[in-house]
Amino acid sequence: MGSSLLATDGYKFSMAEAGWPLRRETFYYSHRKGGQQVVPLDLEPYVRNLLPDPTESDYLYLARNSYEMGAGFKAAIQRKDKLSIRALPKGARFYSREPVFTVTGTSALVSWLEPLLLQLNFRIQIASQALADREALAKALAVVSCEEEKRIALETLDAVGVKPVPISVDPEGYHARVVAVVRELVHAVQDPSRIFEVGLRAATCLEQHELALRACKEAGVTRTSNVYLAQKLGMIPVGTMGHEHVQRYGSDEAAFRAIRERRPERSSYLLDTYDTVTSGLPTAFRLVHEDPGAGDSIRFDSGDKKKQYVFAVSRAKEEGIKPVFILEDGLDAQATREFEELRSQYGWESSKQFYGYGGFIVARTMACPYTRDRVAAVYKLSRTGHVPTMKFGNELAEGKQSIPGVPVVFRRRSGSGPIGLIGQEGEPVPEGYELLSGATSETAASIPAPGEGDQRVAYTPATQALVDELRQRHFPRGAAQQA
């Protein structure tokens, strides 16, 4: 049996309605940091077991909560037989930024998977630590948040052939820590309605996230991105736009207009897919000017958010508009207090400024250190239709850039060079390397282990050409300067 259709983030539904739900797309899963790690399970059946089983009651609930879904979405979500998964084999070692697997299929379906797939990082961290340092593993798993976390940990240890370690379950302690954190945030903003929770992608499992959301409700926060638990707990599901939506359209303006012109609800414009200040912000302001009474919002998500915020407030005042400001990504209580001080300093209305928290509520309150942020797990759109795409973040910054195309991993078998090459599906295997994506566990085991410090990963010429092409398309001046 699969997952509930509602077991994803709310923005997945709004993006599907404002996009092309039946278009064929590719996403890839990767860890941006963490060094050498191990694949602890057969990924293809794992992914397929997560696929949703929609019901009519799911669609009725979505329609009552600003997410009425059309025929395209309903058809796309059923096309499980069209799904293609290409993964590193069980037992394979991988390195930071290498694509662990790709999922190709209808846009609505492969996008829907993201929050549940990101929870894989918990299993991977347990397996990697278990094979490297059992004593450190035992310390890390001494106390977990819920029974489901314990079950996942024991299942993973069994999968990699490591004896179980003692694990205590302390849901009351986790609940208390989340309540304390959320109350601190509420105190900082003076109004729980100005806070919403977006931590499904930071959770280890649905049971842990339910504990966190019950604590949020106790502290007065009633809005969450988790649609399934919003229904179960009587909360309000929220979410409008992610980076993938802007990548699909290839420009901020086309993406922003789609979200506004294809959905009757208020729009929220995510600024940083290409560049916040030079592209995202002026485009969003232009749309706000066209309908200043619509109540649309803009969302800051990466880079120097304080600098961006001051620029945005100053410019909004100069232009005589009052969009709602939403701040997310890595916020904690101290950062919230600082943004509230800025809001007061610049005279921005409290009713026009909201905050979203994920990992700070859900993950930093865990007793176990195996959080998503520890390895920076991501699931990114890399091809839409036949067009490669990538997220840049803020112009040419490398930190959060994603990989375009349909990426695969080549592992060095002999000779010199990087231990891993990130190539493209169908690209000839470079000399001295072997294609690891889609290979068998026996093949992975036969490849010699890397030497000390021998873990550098690079792009093949085909992948680098795609990156250069996209960089030139979006930043012609910057690309020329870099060249």
| task | Would you tally the residues in the stretch 254-282 being in a helix (DSSP H, G or I), more than 23 Å from Gln401 (Cα to Cα) and of a type in the set (Gly, Ala, Ser)? | result | 1
| message | Condition first: of a type in the set (A, V, I, L, M, F, W, C), crowded, with 21+ Cβ neighbours inside 10 Å and either at pLDDT below 95 or part of a helix (DSSP H, G or I) (or both). Now tell me which residues in the stretch 189-205 satisfy that. | response | Leu200, Ala202
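Only one of Gln401, Gln481 is modelled with pLDDT under 95, open to solvent by less than 30 Å² (accessible area, probe 1.4 Å) and out of contact with any Asp or Glu (no Cβ under 9 Å at 6 or more places or on another chain). Can you tell me which?
Values: Gln481 fails: open to solvent by less than 30 Å² (accessible area, probe 1.4 Å).
Exactly one residue qualifies, and that residue is Gln401.
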| query | Checking Glu148 against (1) in contact with a strand residue (DSSP E or B) (Cβ under 6 Å, 6 or more places away or on another chain); (2) within 24 Å of Val227 (Cα to Cα); (3) among the charged types (D, E, K, R), which test does it fail? | reply | (1)
| query | Filter the stretch 139-183 for residues that are in contact with a Pro (Cβ under 6 Å, 6 or more places away or on another chain) and farther than 12 Å from Leu211 by Cα; which is surrounded by the most Cβ atoms within 10 Å (Cβ to Cβ)? | reply | Leu157
| request: For residues that are out of contact with any helix residue (DSSP H, G or I) (no Cβ under 6 Å at 6 or more places or on another chain) and part of a loop (DSSP other than H, G, I, E, B), scanning just the stretch 37-51, find the one that is surrounded by the fewest Cβ atoms within 10 Å (Cβ to Cβ). | output: Asp42
| note | Thr273 meets each of (1) open to solvent by less than 10 Å² (accessible area, probe 1.4 Å); (2) within 17 Å of Leu342 (Cβ to Cβ); (3) of a type in the set (Val, Ile, Thr) with one exception, condition (2)
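For the stretch 325-363, name all the residues that are of a type in the set (A, V, I, L, M) and without any contact (Cβ under 8 Å) to a residue 40 or more places away in the chain.
Residues of the stretch 325-363 that are of a type in the set (A, V, I, L, M), as a first pass: 326-327, 331, 333, 335, 342, 361-363.
Across the stretch 325-363, the qualifying residues are Leu327, Leu331, Ala335, Leu342.
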| query | Applying the selection to the stretch 222-253, what residues are over 26 Å from Ser402 (Cβ atoms), part of a helix (DSSP H, G or I) and basic (Lys, Arg)? | reply | Lys232
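The values are calculated or read from the model by the stated rules, or taken from the named source; none is laboratory data. On a predicted model such as this, the values are computed, not experimentally measured, just so you know. Every residue, glycine as well, gets a Cβ built from its backbone with ideal geometry; the counts of neighbours run over all protein chains shown. Keep in mind that these areas ignore ligands, DNA and RNA; they rest on the heavy atoms of the full protein, side chains included. Shrake-Rupley method; radii C 1.70, N 1.55, O 1.52, S 1.80 Å.
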